[in-house]
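First comes the structure, then the notes that go with it.
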Amino acid sequence: MTQQFDDLFNRGIQQLNAMQWADAAVTFETYTKEQPGLATAWANLAIAYSRLREVDSALHAGQRSVDIDPKSGGSWISLATAQIDAGLFGDAAASAEIATKLVGGEAGSVPQGTAALAYEALGNYRRLSRQPGEFGEQRQYTIRFLM
């Protein structure tokens, strides 16, 4: 990766952390057009789309992230997040289970909010009756996990 793309990626992360969802989406759209093979960029794009409630776009970006790197727990978490927003709770539970297996329960490998999202989806996805995009602080942990 060149410095230009590193800077673009880092700007997208800063925008996510500042909750500038639309700006982050544009940044990661640009990044994924120029560097389409980086799963983390697609995962972060999925998070931005989820926060904008662009569910179909979030699902596409999350799935693309998983397709590129099926061994990335972060890719599966971004897909699970998009699936929850789309009301696909069974699929989200399956994606979260894969993510949990991939990170292997290593101490500190999954931030508390990300783990809470995964276990909530796994534990009883029928209880997840929130409106799309209604996960507040847990999304902040997801963003940090994908950096």
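The values are calculated or read from the model by the stated rules, or taken from the named source; none is laboratory data. As the structure is a prediction and not an experimental result, all values here were calculated from the model. Neighbour counts run over all protein chains shown; Cβ positions are idealised from the backbone, glycine included.
The requirement of being among the β-branched types (V, I, T), in a helix (DSSP H, G or I) and free of Cβ contacts under 8 Å to residues at least 12 places away in the same chain is not satisfied by V66.
Answer yes if at least one residue in segment 43-56 is of a type in the set (V, I, T), farther than 16 Å from D85 by Cβ and modelled with pLDDT under 95, and no otherwise.
No; the residues of segment 43-56 include none that is of a type in the set (V, I, T), farther than 16 Å from D85 by Cβ and modelled with pLDDT under 95.
Can I77 be described as among the β-branched types (V, I, T), buried (at least 24 other Cβ atoms within 10 Å of the Cβ), at pLDDT below 90 and assigned to a helix (DSSP H, G or I)? It is true that I77 is among the β-branched types (V, I, T), buried (at least 24 other Cβ atoms within 10 Å of the Cβ), at pLDDT below 90 and assigned to a helix (DSSP H, G or I).
Here is the figure for segment 8-17: residues that are crowded, with 21+ Cβ neighbours inside 10 Å and more than 27 Å from L88 (Cβ to Cβ) total 0. Do we find that G12 is without any contact (Cβ under 8 Å) to a residue 60 or more places away in the chain and either among the basic types (K, R) or on the phi > 0 side of the Ramachandran plot (or both) in this structure? Taking the combined requirement at face value, the residue does not satisfy it.
For (1) in a helix (DSSP H, G or I); (2) free of Cβ contacts under 8 Å to residues at least 12 places away in the same chain; (3) surrounded by fewer than 21 Cβ atoms within 10 Å (Cβ to Cβ); (4) under 13 Å from the mean Cα position of the chain (by Cα), each residue gets a yes or a no:
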site: D6; (1), (2), (3), (4): yes, yes, yes, no
site: M19; (1), (2), (3), (4): no, no, yes, no
site: T27; (1), (2), (3), (4): yes, no, no, no
site: T30; (1), (2), (3), (4): yes, no, yes, no
site: A41; (1), (2), (3), (4): yes, no, no, yes
site: I47; (1), (2), (3), (4): yes, no, no, yes
site: S50; (1), (2), (3), (4): yes, no, no, yes
site: A58; (1), (2), (3), (4): yes, no, no, yes
site: A61; (1), (2), (3), (4): yes, no, no, yes
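Screening E106 on (1) surrounded by fewer than 18 Cβ atoms within 10 Å (Cβ to Cβ); (2) out of contact with any helix residue (DSSP H, G or I) (no Cβ under 6 Å at 6 or more places or on another chain); (3) modelled with pLDDT of 80 or more shows it passes everything except condition (3).
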